[in-house]
Amino acid sequence: MNQRILIVGAGAIGGVTAAHLARAGHDVVVLDANTEHVRLMNSPGLQFDELGATSHVTINAVDSADDLEGRFDYALVTLKAPYLEVALTPLVLGDLVGTYVSLGNGLVQNNVESIVGADRLVIGITEWGATNLGPGHLAQTTVAPFVVGEVDGRRTDRIERLARILAAAAEVNISEGIVGQIWSKLLLNSTFSGLGAVTGLLYRDVVSDPLGREIAYRLWTEAYDVATAIGIQLDEIVGVRPDQLVVRSADDSSRADAALAILMNRLGATKASMLQDLERGAVTEVDVINGGVASTAVSAGVPSPLNVRVVELVHECERGLRKPGRDTLMALATVPA
């Protein structure tokens with residue numbers, strides 16, 4: 001039976017996913033508030049830069065839930081945290097979706113659940129990266145899997161069907177411990193998206209700077225300690241075990257450098273989503289990424305001074321008080337270890 005898919009938010013991840021699914025012949029509709037982006041996706045089609053190749057993919061897109069017709073089996077929710085309630089509420093009130101798939105960054109799953117209900121929610125992450133180049137123009141920059149799962153770890157029919165759908169866009173792994181995957185992705189984002197926003201650099205350029213690499217290890221270790229404090233069983237992320245990037249002394253450096261090389265081989269070309277937001281003058285998701293680490297640290301009674309400082313610096317960049325760059329990175333270097 002053909003499944004109908006709604007993609008809520010056609011930014012970098014949502015739009016690239018929509019392009020893959022539409023090109024593969026899936027019944028997919030995009031809901032996005034950017035009227036010009038919607039117009040261009042419909043005609044002449046999304047300009048899709050895919051690892052060096054460029055194509056145009058026509059995608060059925062609307063800018064209002066009022067324009068949606070019929071009911072959808074799945075809604076892939078790729079929106080940023082500040083826009084979830086306004087976008088999802090009309091879908092819920094109209095009973096337009098069977099299962100919502102939270103694919104957002106940071107700790108947004110509880111927010112989505114409070115809007116759509118626990119019984120209609122499954123969770124996933126994207127390990128691959130993409131860049132929003134403007135209305136009607138997106139680029140996929142790296143190749144890596146989706147990871148999806150039921151919150152309780154069951155392998156259900158709806159998860160199996162979802163995996164088959166998403167396979168048109170990327171490799172798909174079904175996880176029996178998706179909360180651990182969410183936290184592993186949070187370590188990745190709080191470290192590298194956080195530092196990307198602070199420095200204005202791609203992931204690989206952040207870690208090629210000795211200071212950037214040092215702070216990356218400190219941020220990763222800080223978030224790892226928070227996850228451990230609340231009993232999270234962290235899972236592999238892009239082929240790397242989270243503990244491999246934990247650095248507490250010079251003796252850990254060679255092991256961490258080897259793991260970092262694997263990570264950068266897969267994700268080094270990624271431009272942080274928060275940096276893309278800053279460049280567009282948009283609000284970032286720092287409050288659910290580095291702020292998610294910091295708020296959880298408070299509840300767990302453990303320190304997270306670097307993540308707290310990243311939140312402050314990114315908000316200063318949002319307000320125009322700072323710009324991403326070396327000076328902003330140096331403001332992190334002064335945080336006591």
Please verify whether Leu133 is outside the structural domain of Glu279 (by TED's automatic domain parsing) and more than 22 Å from Val286 (Cα to Cα), treating the condition exactly as stated. no
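Which residue, of Ile165, Ile232, is farther than 30 Å from Arg4 by Cα and either in a helix (DSSP H, G or I) or assigned by TED's automatic domain parsing to the domain that holds Ala261 (or both)?
So the residue among Ile165, Ile232 that is farther than 30 Å from Arg4 by Cα and either in a helix (DSSP H, G or I) or assigned by TED's automatic domain parsing to the domain that holds Ala261 (or both) is Ile232.
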Just to be sure before I move on: is Ile13 hydrophobic (A, V, I, L, M, F, W, C), within 16 Å of Thr131 (Cα to Cα) and not assigned by TED's automatic domain parsing to the domain that holds Glu285 in the structure I sent? yes
Scanning segment 265-281 for residues that are in contact (Cβ under 8 Å) with a residue 24 or more places away in the chain and under 13 Å from Cys317 (Cβ atoms) gives Ala272, Met274, Leu275, Gln276, Asp277, Leu278, Arg280
Would you confirm whether any residue within segment 156-167 is surrounded by 22 or more Cβ atoms within 10 Å (Cβ to Cβ) and out of contact with any strand residue (DSSP E or B) (no Cβ under 9 Å at 6 or more places or on another chain)? no
Breaking point among (1) hydrophobic (A, V, I, L, M, F, W, C); (2) buried (at least 18 other Cβ atoms within 10 Å of the Cβ); (3) closer than 19 Å to Gly180 by Cβ, for Ala118: (2)
Of the residues in segment 1-17, those that are over 14 Å from Val101 (Cα atoms) and buried (at least 20 other Cβ atoms within 10 Å of the Cβ) come to Ala10, Gly11, Ala12, Gly15, Val16
I'd like the full set of residues that are farther than 21 Å from Val148 by Cβ and either buried (at least 18 other Cβ atoms within 10 Å of the Cβ) or out of contact with any strand residue (DSSP E or B) (no Cβ under 9 Å at 6 or more places or on another chain) (or both), limited to segment 66-82. Asp66, Pro82
Within the set of pairs 6+ apart or on separate chains, which have a first residue in segment 37-54 that is over 13 Å from Gly134 (Cβ atoms), a second that is acidic (Asp, Glu) and crowded, with 16+ Cβ neighbours inside 10 Å, and C-beta atoms under 8 Å apart? Val38/Asp32; Val38/Asp63
Inside segment 119-137, can you point out the residues that are part of a strand (DSSP E or B) and free of Cβ contacts under 8 Å to residues at least 12 places away in the same chain? none
Scan segment 99-118 residue by residue and report those that are over 15 Å from Gly292 (Cβ atoms) and in contact (Cβ under 8 Å) with a residue 40 or more places away in the chain. Thr99, Val101, Leu103
Against the definition (closer than 20 Å to Leu138 by Cα, of a type outside the set (Phe, Trp, Tyr) and surrounded by fewer than 20 Cβ atoms within 10 Å (Cβ to Cβ)), how does Thr58 come out, yes or no? yes
Please identify the pairs in which a residue from segment 240-261 that is assigned to a helix (DSSP H, G or I) has its Cβ atom under 8 Å from the Cβ atom of a residue that is β-branched (Val, Ile, Thr), counting only partners at least 6 apart or on another chain. Leu245/Thr221; Asp252/Val246; Ser253/Val247; Ala256/Val246; Ala256/Val247; Ala259/Val240; Leu260/Val207
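In segment 112-164, what residues are small (Gly, Ala, Ser) and farther than 13 Å from Ala75 by Cα? So that I can check it myself, show each step before the final result.
Our first condition is that a residue be small (Gly, Ala, Ser); within segment 112-164, this holds for 114, 117-118, 124, 129-130, 134, 136, 139, 144, 149, 153, 163.
Listed by number, the residues that qualify are Ser114, Gly117, Ala118, Gly129, Ala130, Gly134, Gly136, Ala139, Ala144, Gly149, Gly153, Ala163.
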Criterion: of a type in the set (Gly, Ala, Ser), farther than 22 Å from Met274 by Cα and within 17 Å of the chain's Cα centre (by Cα) - qualifying residue of Gly180, Gly196, Gly231: Gly180
Being at pLDDT below 95 and in contact with a helix residue (DSSP H, G or I) (Cβ under 9 Å, 6 or more places away or on another chain) is the requirement here; does Ala81 meet it? yes
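The values are calculated or read from the model by the stated rules, or taken from the named source; none is laboratory data. Computed from a predicted structure; not experimentally measured. When we count neighbours, we look across all protein chains shown, and the Cβ atoms used for this are built from the backbone with ideal geometry, even at glycine.
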